[in-house]
Amino acid sequence: MKALVHVDREDLTAMNIALSNIENLLAAAPGAEVAVVANGNAVIFFTQHAPSHVKERLTALAARGVKFYICNNSLRAHGIDRGELLPFAEVVPAGIVKILELQSAGYLYVKP
């Protein structure tokens with residue numbers, strides 16, 4: 001099972017739902033492959049400036065193999081330097097392209 005979780009809003013409630021969805025999926029299907037694509041305002045959650053409990057959950061999920069892809073276009077639009085990102089966040093040129101690539105590779109789209 002492969003899941004693509006798309007986050008695009010700076011909405012703490014939506015982000016917590018996304019993280020809970022991922023944690024629940026991994027608990028129910030331990031072999032699942034999970035990728036998160038962040039674009040728009042959601043890129044702020046993948047920086048050192050994110051709330052500590054979000055960073056802790058993201059770090060734990062990264063340790064479990066979850067991949068995090070961050071849109072470079074959104075980083076530029078928000079004036080965020082790559083050096084501000086959490087160490088496991090991978091920058092991609094365009095979030096929309098990564099979403100389509102993952103869907104083409106069999107990932108099922110989830111938008112909390």
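The values are calculated or read from the model by the stated rules, or taken from the named source; none is laboratory data. No experiment lies behind these values; they were computed from the predicted model shown. Heads up, the Cβs are rebuilt from the backbone with ideal geometry, glycines too, and the neighbour counts pull from every protein chain shown. Areas reflect the complete protein model, heavy atoms only, side chains present, ligands, DNA and RNA absent. Shrake-Rupley method; radii C 1.70, N 1.55, O 1.52, S 1.80 Å.
If we scan the range 11-18, do we find a residue that is in contact with a helix residue (DSSP H, G or I) (Cβ under 7 Å, 6 or more places away or on another chain), of a type in the set (D, E) and assigned to a loop (DSSP other than H, G, I, E, B)? Explain how you work it out, then say what you get.
First, pick out the residues of the range 11-18 that are in contact with a helix residue (DSSP H, G or I) (Cβ under 7 Å, 6 or more places away or on another chain): 15.
Retained after the next criterion (residues that are of a type in the set (D, E)): none.
No: zero hits.
Determine, yes or no, whether A3 is open to solvent by less than 40 Å² (accessible area, probe 1.4 Å), in contact with a helix residue (DSSP H, G or I) (Cβ under 9 Å, 6 or more places away or on another chain) and of a type outside the set (D, E).
Working: open to solvent by less than 40 Å² (accessible area, probe 1.4 Å): yes; in contact with a helix residue (DSSP H, G or I) (Cβ under 9 Å, 6 or more places away or on another chain): yes; of a type outside the set (D, E): yes.
Yes, satisfied.
Of all residues in the range 68-102 being open to solvent by 80 Å² or more (accessible area, probe 1.4 Å) and in contact (Cβ under 8 Å) with a residue 24 or more places away in the chain, which is nearest to H53 (Cα to Cα)?
Keep residues of the range 68-102 that are open to solvent by 80 Å² or more (accessible area, probe 1.4 Å), which gives 76-78, 81-82, 87, 90, 93, 96, 100-101.
From the residues that got through so far, the ones that are in contact (Cβ under 8 Å) with a residue 24 or more places away in the chain too are 78, 96.
On the way: H78: 22, I96: 27 Å.
If we take residues in the range 68-102 being open to solvent by 80 Å² or more (accessible area, probe 1.4 Å) and in contact (Cβ under 8 Å) with a residue 24 or more places away in the chain, then H78 is nearest to H53 (Cα to Cα).
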